[in-house]
Structures are given as structure tokens and as C-alpha cells.
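K.L.:
Please see the structure below; I have some questions.
The values are calculated or read from the model by the stated rules, or taken from the named source; none is laboratory data. Treat the numbers as computed from the prediction; the structure is a model and nothing was measured. Note that we place each Cβ from the backbone using ideal geometry, even for glycine, and neighbour counts take in every protein chain shown.
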């Protein structure tokens, strides 16, 4: 049924971007950062690596899902741009082939630029003679023993090659006929080797080394030709939750299956290939023309992040200037528990340090007055200090409950490991809810203060991951608000036991409730616009895909409400369409930090409603995940959030706007250059320096304040 507003059909497909194609446009914007000469050379290479890593996951999950639909004969169009699965796959190939061709153009140009810094990526035959002997020794000692050539004939079937592994196809001339073999390159040996001659450094890819010495693997036979290929497999397999007695064991089974999923993409180093061999491999893997990519360079450019790391010491001037996350303005040089009894504390990472959040859990684990700690974990770092604190807390006799989301995609193995470790330490570990991922970011610390139980709650937009907190922009609040504390207690009891969904005081919890609140808030802005002429909405998120929310935003635009959307990634809404979305603008920022925070602002006739959330306005977040949307009631924090969104909307260096046809363009105007991320780094540094100045005069700092975490890190400030 069409959504009718007067004589306008808001369901018409021309008003929407397809989700998958919009994601490819986002990944293209990542690639544009690799082209941006304002970014240092090694950072440009790093963006090529990010583009590759993003694309791997896109094929393993999104393309794999579409291919499954086609195989099952499912041809129903999706509900926005009205494209069938087959049409989506065809358009993905057209758009993505352009992107990938550009990726390799950029790669080859950047590698060429490295030469002026005495770094060359070469094949072995281009090495000086002296280094070739050194390389041969490296091959025979460090590579050859790990290789197993796999012949293919009646007695040796085509091998089951692992997901994302690099393989060398080999044609061998035998007395009877030409035979084939495959050499799989072990993932645990280095992807590249570096050899030095004077000031010059040569980088040689491992596949090129193996190919150069390939005859050592086939003694007595003549190798006719070789080429490198790589398979991407379906990693979006089904976890059978209903019949699982123990989800931990089911996840471990699932992880083994993932390595062997159906092939969804075949990448070939197109510099040395014969068409006949590719057809043969395609038949073996059951992939089609749309699934094959011929590349003008080495496969799997995710390796560039390792290369950048390798070159960083020698060429550190070709990296971003080091940035040290600063003291949170909202906390200053105060003890986090003492100060949160007085007011809400706001955190903005990575401009402001994540260390206070780590300390929040650590100090709670050590404090004899702490009774209980409860926390959700979605993605954490491999050597997480928060995990260690939770273990210590349990060992110190505190009641510790941890929800570890085992279904966090591509973090399942890591999370299984943490779940077992936490259980062994005495924590109560729960795995989430059947058919729902718990994506919420919440911690609850209960202390006995003056013989009264007091709850401290941390709510955030991003994961409890100390590593990514230096790379992703995220926000959080620590509060002792009694109603939120009661909500937090009910939330954890709901997750850990058997109870119906609670009625919350202030928290809004998905599934369903967040979407209902968004729709009601947008309706409220429509009424305000009609009554007062001041309807306004600003939303910042990673992706917008939910049809109900998009339709409601179209209605708001048609009513004259001003809608400003800051959306890093997928945006299924086309803005600026006359009579439909002409009052909606969409801006995307891709820069040094990954924009990850979610903020939702509704003007409410001057009585601002502003929220932070773990959720994007995506259907999966609205109905398939446990998410939290929480209000920001402190006026100073709310004002900072509004200023922040206006700053991002003014970014004319990294900002791109989407036009009414769905295309993105850099924002160009006559205003002074403004990079919102650089601006916020500078602001954070200024605040840190002002506190550092105060700390040089101890008389102005109370003894209690000196216990603040600032004293531990002030020496690391960037001067």
C-alpha cells in the first residue's frame, strides 16, 4: 500500500537509495581520503587498506546474503529502491568494479610516490644481485618449510581453500600432459619482506617470492605459468540458537563452518593470468562472471596497514602528527565517583581520553565499598584492561554480572574466549537474548556510601574497547540520576533472568521502543512546525535505513520541518527532492577518526529533547537488537552536543553533501577552512594545557582533586 500525502506517493523508488549501493558510495568516500593529498602519504595508504577491509566484510555478509536469495529463487524487490536481489548484484558489480579499479590506480600512484623516500615495492627479479642471494636464504629458511603444493588430478581433488587466503595457481608441464597445482600461502607467515641496501629499502610480497622460487616446490618438472588468486567466502551463516543447549558451544561450531562457506568472490592478480585457467577455477568454485575481479596489483590490500606500521618509524613525518587524547572537560581534575555524585559527567572520545572509563571499572573493582558491577560487552580489545578489572572484582568477592554478546559479528571467537575467562574468574556471564543482539553500551556500579546503596551508571554510544576509543568518535555519560539507576538495575535483571520487558523511567530500549519514540518525536516537530513554524530535527548516526523513519522524515519535510542529517555511511533517503525532501539535508564526514557517535536532537518548540544512543536508525537496530537511547538532561552537556552537530554541519574540508540524485560532493564555500575533527583536537589540547598550567600551582588544587586520574597522564600531554 502506498503512503499517500495529498497526491504524493512517498513510497516511490526514485526517492530512495538502495542500501547496498549507498554503502558502496560510503566506501568510495573512504577511497577519496586515499586520494586527498592533504592527508600524509602513509595515511593515504592506510585508507586504501580500510577500503579493502570494508569490502571484504561487505562481500562476506551483504553480497553473500543476496547471492543466497538468488539461489533460492527469491526475487521480491527490497522495500525502498525496489531492486530485486539479482538487480542489486548486477548494480553492485558495475559500481564496485569502478571503485576497485580506482583503488588500484591510487595504490600504484602512492607506491610510486614512496620511491622518493627510498622505499620500493618490487618483484624479486628487480632486486640488486646481492639482495637476491639474501632473499633466497630467507625463502629456504623462513618460507619453504611452511608450504605444501597441492596437485590436482583424479587422486587429488580441488582443495577446500580457506576464506580470504592467498593462493598461487601453478601449471606444470609433465611428460603426459599439463597438470595443475595450488600452493596455499599460510596466513601466519609475513605478507611482505623488507631488505635494505644503503638508505634504500625494498619491499617484496611473499607471493612474489614464492613465485620466483616456485621450481623448488616442483623439482624435476617445468613450471609453465603461475598467478595469485584469493577467495572470499560467505561468512553470514546461521547460528542455530533455538536448539542450542549452550550457545558458547554452538558459536564454536559456527566459527569452524564460516571458514568453509560458499565462495562469493574470486580475486585474481590480473598481471599474470590466462583466461582458460580462470574459467577452470570459476567452475571449481561455482562462481560467475559477476563474482570475479581482475586486479592491477597485489591482492588483499588490507596488508597496507601492516606496511604503514613497518614504515612508520623511518617515515613518521608521513603520518598524522601524534594525538594524545586529553582530559574530559566535564571531569577536569576530579575523582570520577565523587564528582558524579554532584553532576553528570560527559565524555567525548577520542578527543578526550577513554582512560577515565577504564578507571571507573578498575577503581570499582578495588574499592571495598563496591557491592556489584554489571556491564555489557560487545567488542573489546584483545588485552582489555576492563576485562582484567571485572575478573579482579569477582576475585575480590564483588558480585559481577557481564553480558558478553557472542553474536557480535567477526568478534565471536574473541568474545567466546573472554566469556570463558570471566566465568573462570567467578563472574556471572550471560550471552544475550535469543534472536537479538545486545548492542547496548551500559555499566552499572553499586557502592555502599554512608550505609546507603548508591548506583553509578555509564551509558555510551560506543564499545568498551580501549583501542578503538582512540580511533572512533564516541560519547558517553556517567550519572547517578536515581531514575536512570533504577532503569539500569531493571535492564540488567531483564537480561539476566526471566521477566517481562520493564517499564522504564528514562531509558528507551529497543527492540521497537526507540523507533516508536523517534516517530512520536518527529510527529511532535510536525505539529510544532504547523503551530509555531519552528520544527527542527538534527540526527547524527552511522546509517539510516529504516523505512518507517524515512517516511516520517519525508512527512516532516513536506510540513516544512528543517531536517539536518549527519550520516557517515548508508543513507537510503534522497534529500532535496522538490516537494518530498526539499527541507532535508544530508552530510557525510569521513576523516582521520571514524565517526561513530549517535545523537538525536528535536527542537520541541525551544524545550530541546536531545538523546545519545548505541543505535543507528536502521531496521536491524530498531527490531533485532537490544539498544539503549538515553536522554541528555544536563543543559551544559546538551548545549555542547548541539554545538558539536552544528560544527560538523559547517565542516567544509571533510564534509560531503548528498544531492537529490543520491550523489555526494565535497562541500565548497567561501568560508574559512574548517575541519571539525582537527578543530576538536585543538580545543581538547587547549583545555588540557589549561589544566596542566593549573597543576603547576598546587595551591589551587585540593588534596581530594589530586587523586584525580589527570595526575597520572599529564606528562603525556602534547605540548
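K.L.:
Output the residue which, of all residues in segment 575-622 that are in a strand (DSSP E or B) and free of Cβ contacts under 8 Å to residues at least 40 places away in the same chain, is surrounded by the most Cβ atoms within 10 Å (Cβ to Cβ).
P.N.:
Taking segment 575-622 first, the residues in a strand (DSSP E or B) are 584-589, 594-595, 599-602, 609-613, 617.
So of that shortlist, the ones also free of Cβ contacts under 8 Å to residues at least 40 places away in the same chain come out as 584, 610.
Values: 584: 24, 610: 20.
Applying the filter and picking the extreme gives 584.
K.L.:
Sticking with this structure for a sec: Could you figure out which of (1) out of contact with any strand residue (DSSP E or B) (no Cβ under 9 Å at 6 or more places or on another chain); (2) on the phi < 0 side of the Ramachandran plot isn't true of residue 328?
P.N.:
With (1) out of contact with any strand residue (DSSP E or B) (no Cβ under 9 Å at 6 or more places or on another chain); (2) on the phi < 0 side of the Ramachandran plot applied to residue 328, the lone miss is (1).
K.L.:
Test residue 623 against the criterion of being under 28 Å from residue 378 (Cβ atoms) and in contact with a strand residue (DSSP E or B) (Cβ under 6 Å, 6 or more places away or on another chain), and give yes or no.
P.N.:
Details: under 28 Å from residue 378 (Cβ atoms): yes; in contact with a strand residue (DSSP E or B) (Cβ under 6 Å, 6 or more places away or on another chain): no.
Criteria not met by residue 623.
K.L.:
Would you mind telling me which numbered condition in (1) touching a strand residue (DSSP E or B) at 6+ places or on another chain (Cβ under 9 Å); (2) modelled with pLDDT of 95 or more; (3) closer than 30 Å to residue 557 by Cβ residue 459 fails?
P.N.:
So the condition that residue 459 fails would be (3).
K.L.:
State the number of residues belonging to segment 420-449 that are under 17 Å from residue 342 (Cα atoms) and touching a helix residue (DSSP H, G or I) at 6+ places or on another chain (Cβ under 6 Å).
P.N.:
The qualifying residues number 1.
K.L.:
Please work out if residue 359 is at positive phi and buried (at least 16 other Cβ atoms within 10 Å of the Cβ).
P.N.:
Working: at positive phi: no; buried (at least 16 other Cβ atoms within 10 Å of the Cβ): yes.
In short, no.
K.L.:
Another question, if that's okay. Applying the selection to segment 383-400, what residues are in contact with a helix residue (DSSP H, G or I) (Cβ under 7 Å, 6 or more places away or on another chain) and either surrounded by fewer than 21 Cβ atoms within 10 Å (Cβ to Cβ) or not assigned by TED's automatic domain parsing to the domain that holds residue 447 (or both)?
P.N.:
385, 391, 392, 396
K.L.:
Sticking with this one: Touching a helix residue (DSSP H, G or I) at 6+ places or on another chain (Cβ under 6 Å), assigned by TED's automatic domain parsing to the domain that holds residue 61, surrounded by 13 or more Cβ atoms within 10 Å (Cβ to Cβ) and over 30 Å from residue 308 (Cβ atoms): does that describe residue 159? Steps first, answer last, please.
P.N.:
On the way: touching a helix residue (DSSP H, G or I) at 6+ places or on another chain (Cβ under 6 Å): no; assigned by TED's automatic domain parsing to the domain that holds residue 61: yes; surrounded by 13 or more Cβ atoms within 10 Å (Cβ to Cβ): yes; over 30 Å from residue 308 (Cβ atoms): yes.
Judged against the criteria, residue 159 is not a match.
K.L.:
Give the residue, chosen from 54, 46, that is at pLDDT 95 or above, touching a helix residue (DSSP H, G or I) at 6+ places or on another chain (Cβ under 9 Å) and crowded, with 21+ Cβ neighbours inside 10 Å.
P.N.:
Numbers: 54 fails: crowded, with 21+ Cβ neighbours inside 10 Å.
The conditions single out 46.
K.L.:
So which of 331, 341, 255 is modelled with pLDDT of 95 or more, within 25 Å of residue 390 (Cβ to Cβ) and surrounded by fewer than 17 Cβ atoms within 10 Å (Cβ to Cβ)? Explain how you work it out, then say what you get.
P.N.:
On the way: 331 fails: surrounded by fewer than 17 Cβ atoms within 10 Å (Cβ to Cβ); 255 fails: modelled with pLDDT of 95 or more.
Of 331, 341, 255, the one residue that is modelled with pLDDT of 95 or more, within 25 Å of residue 390 (Cβ to Cβ) and surrounded by fewer than 17 Cβ atoms within 10 Å (Cβ to Cβ) is 341.
Per-residue answers, yes or no, for (1) within 24 Å of residue 64 (Cα to Cα); (2) out of contact with any strand residue (DSSP E or B) (no Cβ under 7 Å at 6 or more places or on another chain); (3) modelled with pLDDT under 95:
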residue	(1), (2), (3)
93	yes, yes, no
107	no, yes, no
110	no, yes, no
113	no, yes, no
119	no, no, no
122	no, no, no
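K.L.:
Looking for whichever is at pLDDT 95 or above, touching a strand residue (DSSP E or B) at 6+ places or on another chain (Cβ under 9 Å) and closer than 24 Å to residue 505 by Cβ here; the options are 639, 613. Which one fits?
P.N.:
Numbers: 639 fails: touching a strand residue (DSSP E or B) at 6+ places or on another chain (Cβ under 9 Å).
Going through 639, 613 in turn, the sole match is 613.
K.L.:
Has segment 651-674 got any residue that is in a helix (DSSP H, G or I), modelled with pLDDT of 95 or more and in contact with a helix residue (DSSP H, G or I) (Cβ under 9 Å, 6 or more places away or on another chain)?
P.N.:
Let us first name the residues in segment 651-674 that are in a helix (DSSP H, G or I), namely none.
No, segment 651-674 has no match at all.
K.L.:
Starting from residues that are assigned to a strand (DSSP E or B) and within 33 Å of the chain's Cα centre (by Cα), keep the ones in segment 120-168 and report whichever is nearest to residue 189 (Cα to Cα).
P.N.:
First, pick out the residues of segment 120-168 that are assigned to a strand (DSSP E or B): 120-121, 149-153, 156, 166-168.
This time we only want the ones that are within 33 Å of the chain's Cα centre (by Cα), so: 120-121, 166-168.
Numbers: 120: 21, 121: 18, 166: 12, 167: 13, 168: 15 Å.
Only one residue tops the list, namely 166.
K.L.:
On the basis of being in the same structural domain as residue 213 (by TED's automatic domain parsing), touching a residue at least 40 places away in the same chain (Cβ under 8 Å) and surrounded by 15 or more Cβ atoms within 10 Å (Cβ to Cβ), does residue 108 make the cut?
P.N.:
Working: in the same structural domain as residue 213 (by TED's automatic domain parsing): yes; touching a residue at least 40 places away in the same chain (Cβ under 8 Å): yes; surrounded by 15 or more Cβ atoms within 10 Å (Cβ to Cβ): no.
No, not satisfied.
K.L.:
Looking only at residues that are out of contact with any helix residue (DSSP H, G or I) (no Cβ under 9 Å at 6 or more places or on another chain) and assigned to a strand (DSSP E or B) in segment 450-468, which one is nearest to residue 629 (Cα to Cα)? Even if it seems obvious, please write down each step before you answer.
P.N.:
Pass one, segment 450-468, residues out of contact with any helix residue (DSSP H, G or I) (no Cβ under 9 Å at 6 or more places or on another chain): 450-453, 461, 467-468.
The next check asks that each one be assigned to a strand (DSSP E or B); those that pass are 452-453.
Working: 452: 28, 453: 25 Å.
The qualifying residue nearest to residue 629 (Cα to Cα) is 453.
K.L.:
Return the total of residues in segment 47-97 being part of a helix (DSSP H, G or I), farther than 30 Å from residue 319 by Cβ and touching a residue at least 24 places away in the same chain (Cβ under 8 Å). Reasoning before the result, please.
P.N.:
The initial filter retains those residues of segment 47-97 that are part of a helix (DSSP H, G or I), namely 47-71, 85-97.
Cutting the leftovers down to farther than 30 Å from residue 319 by Cβ gives us 61-71, 85-95, 97.
With touching a residue at least 24 places away in the same chain (Cβ under 8 Å) added as a condition, the list becomes 61-68, 88-93, 95, 97.
Result for segment 47-97: 16.
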